Each structure stands twice: as C-alpha cells, then as structure tokens.
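Participant: Please see the structure below; I have some questions.
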C-alpha cells in the first residue's frame, strides 16, 4: 500500500510538472512563431549565442550545491543560507568578469557584435542563482504545483513583454527583455512559494560537505551543457549567425516535447529516487517504469516531427524559415533517439554515482563537439544534424548499458522497455512520411498536409502502442485507481 501511495504521489507531481510545461509550451508555440515573423534569424542567433554564455557560467556558479540540498536527509536552514550567500557572491563575481571581458568572449564565440549583449546579460547571474535555494526547497518538499505555477507565470509575462516590445519595433531588445522579466518574476515567485527569507549566517563546514557531492554533479552538468550547446557554437563559428539563428529556431520547436515531458519528469524523479535510498528494488522498478513511459510518450512526438517537418516549418514560422525544414526534422530524430535516457541522469544523481555521470558526460561532450565540427565542415547545417543523430545512437546505447548495470536490471527487460517504444515510433514516422510524400501532389495547403500527417500518426501509433505496451499502460491505469 505504501508503495502504491508513493507511486501515486510521484505521478501526481509529474502531472503538475508536465501541466506547467504544457502551458509554457503553449505560450512558446504562440510567441516563438510571432517573434520569428517580427525578428530576423541574425537577431535570434545573437541572443541564443549570448544565452549560451549565461547558462555555461551559471553551471560553474551553482557548483551543484542546490542538488546537495535536495539530497540531504532533512532541511537545514543554515545550509540553505550558506548556499544562498555562496551563490550570490559567485554570481556577482561571474557577472563582473563577463562584463569586463565581453569583447573577448564574443570574439571567442565567433560573434564579436554580441559584446554589448553579453554586458547586459551579465546582470542576469544574481537573479538566476538567487532562485536556486528556493527551487531546491520546493523540490525537496515535492511541492511541484507551486513550482509549476510560478514557472508558468514567469514565462507568460516574459512572452507578453517580448511580443509587445517586438511589435513596438525594439528588435533584439524584445528577446533581451523576455529573459529579464521571466527571471525576475521566477525569483520573486519561488521565494514567496517556499517562504524562504535568507538570514546572514554561513557555515564553511556545511559548504565543504555540500561541495563534495555538488562539484561532481556540476562537472557532469557542465559536460552535458557542452553536449547540448556546442552545436550552436560550432555553427556560429563555422557557418555564421544567420545559420545559428535557423538552428536555434528549429531547435526550439523540436525541443518542445522534451520541455513538456522530459524536463518535468526529471525535476520530479531526482527527489523521488533520493527518497528510495533504502529500497533499491523499488527504485529499479521506478527506473524501468519511468524509462518506458518516457519513451512511449516522447518518441512518437519527436520522430513524428521528422515526418511532418517540411509543412510544420512553413506553417509555424512562415516562408522565410522554410529552408530550415531538414534541420528541424533531423534535430527531432536526434532527440528522439535519446528519449529512453530521460530518467538516467536523475537516477545516477540520486544513487550517488556522480563520478560515473561525470566521466560519461565528458565522453559524450567530446564526441558531440568533434562530430558536429566535422559535420558543419562537410555539409553545413544538415551535416551538423546528421552528426548529432549518429552520435546519439552510440550515446544512448552506452547510457543504457551503464544505468541498467548499476540498477541490476536484466538485459531482456532493459531491451523491452527501450527498443519496443523506439521501434514503434520509427515505424509510425516512416509510414507517415511515405503517406505525406504520396499526398503532397494532391494537397496544396501546408496546413492541411500538416494536419493530415498528425492524424495519420495518431491512427498508426495508437494500435502499435496498445499492442506493445499493454503491461505498462495497465500499471499506469492502476495508479489512477
């Protein structure tokens, strides 16, 4: 009974987290196409490049300390204040360094014209890192409804301000204002929701204890960050800002399923897995179920993007972006290959295998950087995306082997929860792509073609899902009862 109750709690919190992502997705689905029609690819490219620097330095600044707070057996107000003041100090130092070295960093990225933007973004660091402690407190308490609410509010206000600024003719400043408004609202909202008010106290002993675990997590996050963001840096340096903007827009659209399901799931699974430290068998079952359901939900969305990429790019972003439809399709495939891995990182974090996570993430980063550079040199944007697809096949297999070995899950069971959902999604996408190719001469409207593809995908995938995932669906239905 306790296991069922705990599982229901996890499902409920995943539901809240995913609900917030759906709302945020809806906002982005509306705002990103509007902004894409009002702004140029180069303007998107310069902001995307600037935000890479911000997120990179935030990984260094946070040092994984908030993850340490989540993993602690009980809340420690002194440790929370220690992390808050550490984050604020480091954020101020990083912001100062970026402000006075913006020209060098912009040139290093291959975008010297982004100097002024980096100087403005330097002021984001205290705002972002200031929210870490409050966010970790809500995660520890599994209070994801409150976290979801403020994420939605911050994204909504940021999108409204960005659209208003773009309509007013402010150009790239619309995207800048979006970042600041969202960050400020999120900081205030999380502090209010967690009832956290920092006090002037500090413990070096507790900082050292948290840093021992957190530094390894931060190292793995840093390597994963390189994997995710290096393609944009490579494109900026090798192909230019216009291609970087096209990649950024296609990446935003193809990443929406991950933002809805995966980011919400990962945020819940880390604290959930952490509470099962004395129940390894239960934690392994939870890993299997979350891996299987993530693949069942995400794989058809992402491989489906590949099937309808051409009409989708035209309908969503307009004719000026149609040239980038192969980029959208291949990026979706690259992400689709990785769908089983959504629960792997929180599992390794919660089980104390930060060292394994770090070395694997480092190897992944090296493969992605080298592969995308070769791809960009040989075949431009399409080459980068093909390189990501090839690299992700080997990365997914390696990740699965490591995690299922740690969890002591039999090979047959591991293959069942990974291969069947992916195979079903690939089969569905291939059939939809074939049908759309046949229908293209007979349907002139891209919108109708897109709707036809979505409908065909649903009709094809649902029977496949019920045929191959009956046991998983039955378990999910039992939790609802």
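Each reported figure results from applying straightforward, stated rules to the coordinates on display, with no laboratory input. Owing to the predicted nature of the structure, the values given are computational and were not obtained by experimental measurement. Note: ideal-geometry Cβ built from the backbone for every residue, glycine included; neighbour counts use all protein chains shown.
Participant: Just to confirm my numbers, what's the Cα centroid distance between the stretch 218-241 and the stretch 93-162 in Å?
Facilitator: Cα centroid to Cα centroid, the span is 17 Å.
Participant: While we're here: For 147, 379, 243, what's the fewest-to-most ordering of other Cβ within 10 Å of each Cβ?
Facilitator: Taking fewest neighbouring Cβ atoms as first place, the list is 379, 243, 147.
Participant: How high is the FRET efficiency between residue 202 and residue 393 when r is their beta carbon distance and R₀ equals 56 Å, given to the nearest 0.05?
Facilitator: Computed FRET efficiency for residue 202 and residue 393 comes out at 0.75.
Participant: Any idea what log10 I(q)/I(0) is at q = 0.15 Å⁻¹ for the stretch 356-423, Debye with uniform C-alpha scatterers and no solvent?
Facilitator: Relative scattering, expressed as log10 I(q)/I(0), comes to -0.59.
Participant: Sticking with this one: Separation of the stretch 286-331 and the stretch 360-420 by C-alpha centroid, Å?
Facilitator: Cα centroid of the stretch 286-331 versus Cα centroid of the stretch 360-420: 18 Å apart.
Participant: What do the square roots of 5 times the Cα gyration tensor eigenvalues come to for the stretch 313-370, in whole Å, largest first, as semi-axes of the equivalent ellipsoid?
Facilitator: 34, 14, 8
Participant: Using 0.36 nm times the number of residues separating residue 145 and residue 237, minus their current alpha carbon distance, what extension gain do you get?
Facilitator: Result for the pair: 29.0 nm of gain on full extension.
Participant: Which length gain, in nm to one decimal place, applies between residue 75 and residue 467 when the Cα-Cα distance is subtracted from 0.36 nm times their residue separation?
Facilitator: 136.6 nm
Participant: For the stretch 336-449, what is one quarter of the convex hull surface built on the Cα atoms, given in nm²?
Facilitator: 9.4
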